[in-house]
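A.B. asks: Quick one: structure below, then a few questions.
The values are calculated or read from the model by the stated rules, or taken from the named source; none is laboratory data. Note that the coordinates shown come from a computational prediction; the quantities given were computed from them, not determined experimentally. With ideal geometry, Cβ positions are generated from the backbone for all residues, glycine too; neighbour counts draw on all protein chains shown. What goes into the accessible areas is simple: the full protein's heavy atoms, side chains included, and nothing from ligands, DNA or RNA. Shrake-Rupley method; radii C 1.70, N 1.55, O 1.52, S 1.80 Å.
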Amino acid sequence: MTAQGFLLLLELVGVFAFALDGALSAMRAAHLDLFGVVTLGIVTAVGGGILRDVLLGELPPATFRTWYYLATATAGALTAFWGHRLVSRMSRPILVFDTIGLSLFAVSGAQLAVHAGVGAGQAILLGGLTAVGGGTLRDVLVRQVPTILTGGLYAVPALAGAAVAVTGPLLGLEAGVAAFAGGAVCAGLRVGGVLGGWRAPSAPRSAREGLDG
Amino acid sequence: MTAQGFLLLLELVGVFAFALDGALSAMRAAHLDLFGVVTLGIVTAVGGGILRDVLLGELPPATFRTWYYLATATAGALTAFWGHRLVSRMSRPILVFDTIGLSLFAVSGAQLAVHAGVGAGQAILLGGLTAVGGGTLRDVLVRQVPTILTGGLYAVPALAGAAVAVTGPLLGLEAGVAAFAGGAVCAGLRVGGVLGGWRAPSAPRSAREGLDG
Amino acid sequence: MTAQGFLLLLELVGVFAFALDGALSAMRAAHLDLFGVVTLGIVTAVGGGILRDVLLGELPPATFRTWYYLATATAGALTAFWGHRLVSRMSRPILVFDTIGLSLFAVSGAQLAVHAGVGAGQAILLGGLTAVGGGTLRDVLVRQVPTILTGGLYAVPALAGAAVAVTGPLLGLEAGVAAFAGGAVCAGLRVGGVLGGWRAPSAPRSAREGLDG
């Protein structure tokens, strides 16, 4: 398998994991029919990458240039729809699939942005957007406040993983090693954050009073 | 009238119908002022086409290249705002206008995507997005769960109509005939689905329990 | 200071004011942690400009081409998070910062659109979108009905200011003078509208009944 092929495989694993995650979250959040579940699974899986490609001006987005992504996303969402009994026997299935997608997309999104020629800071931000964008679109569609705003550490692991993947090579690390390290950092922070209940400081309660509309 | 002019006329009929539909739905869903109603009518009418043009990289979108689309959308929304008494005497006015817009946009969106050079599967998807995108944006802005997720058969007729318009010519059908057939399939499935109460299978209730957050 | 530098400075003042405004509104609307507040401040500050650049096809958007915008937006949001006690002693701080951002963005967005070569009507619309787009994205993310739909005169001052900035030079006015006049018109209409309670006509109550779904 070539390096190119290996990267595509990793991307598709991320797409499948996010489609599963998105479809499971959607079934929990709202009473949807088959098409609603599949639509939200696909949006979760490919939304972040589409936002990244639009902002980079790489149009049509990668999602629309081959059939791999959409087919994989549909398969993931259908697996969630028909296999949810099996999946729900896993311990914390949404966390598992979400962490896989988040880590793979943060790193691959950041690397694609670097190749497109934007600066390091912007590449890190676009890596984070690739990772959290699809889930945020899904949350907006089912009228939940997005996880990035309330869910403890969600965007931070993605940004940290993207930062390792982008800055590693600048510091002399091999790109593959930096990508692997970035993915591990993202997954570690995400899982540690959820299991350990790590929280960012909240806006003081007083901030909600005394301001005009 | 040239073929070009006939296609533009059809597009503008779709824009007008969707602006009426969007403004009427918006007035039902939320207490809005004149500018809110007109804004939502315009968003419903041109949102799907803008999303399609962004994804195809055809920028600025067609909506911004002439004044026809925005003027027609504004006229449709104002007709709904001032003429709603007249309109509400029709039987099911929202269904009528929505079906007209859905059918015209599914077919024209798919054909534009084919001309832009994407594959057949992606053209069908972009046809569907052209048809349902504007209404979905409107639903998000007035905080309703989008019709594509809950409203029975809504995206399916659009995708079916787009599929007929895209695959017909590949099977030797004349483009105009395929477009007409695609529009008829979309309208038939949509109206039949609403009047007949056709529903897609729902996510099993058990899927809403037993999953972690 | 060059004219170019002066324009950039004005843009950054607008970004800072909108980031403050966005972070303050977000703290009022939902219980968010530090990262949620900063995210919403940044979205409010740069969202409108990103939407404009995407629609103009100027990609990557200006926001991603330098680090100035993102750094300024982050500083504004952090100021709101840590300094909200101080800020809330001001009379109507959200109105003040919002009006500054609205006026600067309506004018600069319209001028950028003119330079990108679109027609006058579209440039006015894109100026309005630059001004209200970021706040609308923020409202959608925290599940509020956007101010553009319900908040009395909000989009109208932005469109009026953009119209003055665009049409002034066509009528022989110097560009800088037209821009200043446009900003003053926008700020005057916005502040006058809020303090004077000006309202656009509402959709008649009867419009909410007698329509099918």
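A.B. asks: Against the definition (open to solvent by 30 Å² or more (accessible area, probe 1.4 Å) and either farther than 19 Å from C:Ala17 by Cα or within 14 Å of chain B (Cβ to nearest Cβ) (or both)), how does C:Leu51 come out, yes or no?
C.D. replies: yes
A.B. asks: Next question, about the same structure. Could you please give the count of residues in segment A:54-98 that are away from chain C (no Cβ under 14 Å) and part of a loop (DSSP other than H, G, I, E, B)?
C.D. replies: Of the residues in segment A:54-98, 7 are away from chain C (no Cβ under 14 Å) and part of a loop (DSSP other than H, G, I, E, B).
A.B. asks: Consider B:Gly14 against the criteria (1) surrounded by fewer than 24 Cβ atoms within 10 Å (Cβ to Cβ); (2) farther than 23 Å from C:Leu129 by Cα: it satisfies all of them except one. Which criterion is unmet?
C.D. replies: (1)
A.B. asks: Considering only residues of segment B:26-39 that are modelled with pLDDT of 85 or more and of a type outside the set (A, V, I, L, M, F, W, C), which is most open to solvent (accessible area, probe 1.4 Å)?
C.D. replies: Once the filter is applied, the top-ranked residue is B:Thr39.
A.B. asks: The conditions are (1) within 11 Å of chain C (Cβ to nearest Cβ); (2) in contact (Cβ under 8 Å) with a residue 40 or more places away in the chain; (3) more than 21 Å from C:Glu58 (Cβ to Cβ), and A:Ser108 fails exactly one of them. Which is it?
C.D. replies: (1)
A.B. asks: Okay, moving on. Answer yes or no as to whether C:Thr66 is modelled with pLDDT of 90 or more, more than 15 Å from the chain's Cα centre (by Cα) and surrounded by fewer than 24 Cβ atoms within 10 Å (Cβ to Cβ).
C.D. replies: Answer is no for this residue.
A.B. asks: Is segment C:70-77 home to any residue that is over 18 Å from C:Leu12 (Cα atoms) and touching a residue at least 24 places away in the same chain (Cβ under 8 Å)?
C.D. replies: No, the conditions are met nowhere in segment C:70-77.
A.B. asks: Okay, moving on. Residue by residue through segment A:134-146, note down the ones that are assigned to a helix (DSSP H, G or I), within 12 Å of chain C (Cβ to nearest Cβ) and open to solvent by less than 40 Å² (accessible area, probe 1.4 Å).
C.D. replies: A:Thr136, A:Asp139, A:Val140, A:Leu141, listed by residue number.
A.B. asks: Quick one: count up the residues across segment C:165-187 that are in contact (Cβ under 8 Å) with a residue 40 or more places away in the chain and of a type in the set (Val, Ile, Thr).
C.D. replies: 2
A.B. asks: Is it the case that some residue within segment C:156-163 is surrounded by fewer than 24 Cβ atoms within 10 Å (Cβ to Cβ) and either in contact with a Ser or Thr (Cβ under 9 Å, 6 or more places away or on another chain) or of a type outside the set (A, V, I, L, M) (or both)?
C.D. replies: Of the residues in segment C:156-163, the ones surrounded by fewer than 24 Cβ atoms within 10 Å (Cβ to Cβ) are C:156, C:159-160, C:163.
Filter once more, so that each one left must be either in contact with a Ser or Thr (Cβ under 9 Å, 6 or more places away or on another chain) or of a type outside the set (A, V, I, L, M) (or both): none.
Checked segment C:156-163: no residue is surrounded by fewer than 24 Cβ atoms within 10 Å (Cβ to Cβ) and either in contact with a Ser or Thr (Cβ under 9 Å, 6 or more places away or on another chain) or of a type outside the set (A, V, I, L, M) (or both).
A.B. asks: If you go through segment B:122-132 one residue at a time, do you hit one that is hydroxyl-bearing (Ser, Thr, Tyr), within 12 Å of chain A (Cβ to nearest Cβ), surrounded by 19 or more Cβ atoms within 10 Å (Cβ to Cβ) and not in a loop (DSSP other than H, G, I, E, B)?
C.D. replies: Scanning segment B:122-132, I find no residue that is hydroxyl-bearing (Ser, Thr, Tyr), within 12 Å of chain A (Cβ to nearest Cβ), surrounded by 19 or more Cβ atoms within 10 Å (Cβ to Cβ) and not in a loop (DSSP other than H, G, I, E, B), so the answer is no.
A.B. asks: Follow-up question, since we're still on this one. Please go through segment C:110-121 and pick out each residue that is open to solvent by 10 Å² or more (accessible area, probe 1.4 Å) and either more than 11 Å from C:Ala163 (Cα to Cα) or under 13 Å from the mean Cα position of the chain (by Cα) (or both). Give the derivation first.
C.D. replies: To start, the set of residues in segment C:110-121 that are open to solvent by 10 Å² or more (accessible area, probe 1.4 Å) comprises C:111-112, C:114-121.
C:Leu112, C:Val114, C:His115, C:Ala116, C:Gly117, C:Val118, C:Gly119, listed by residue number.
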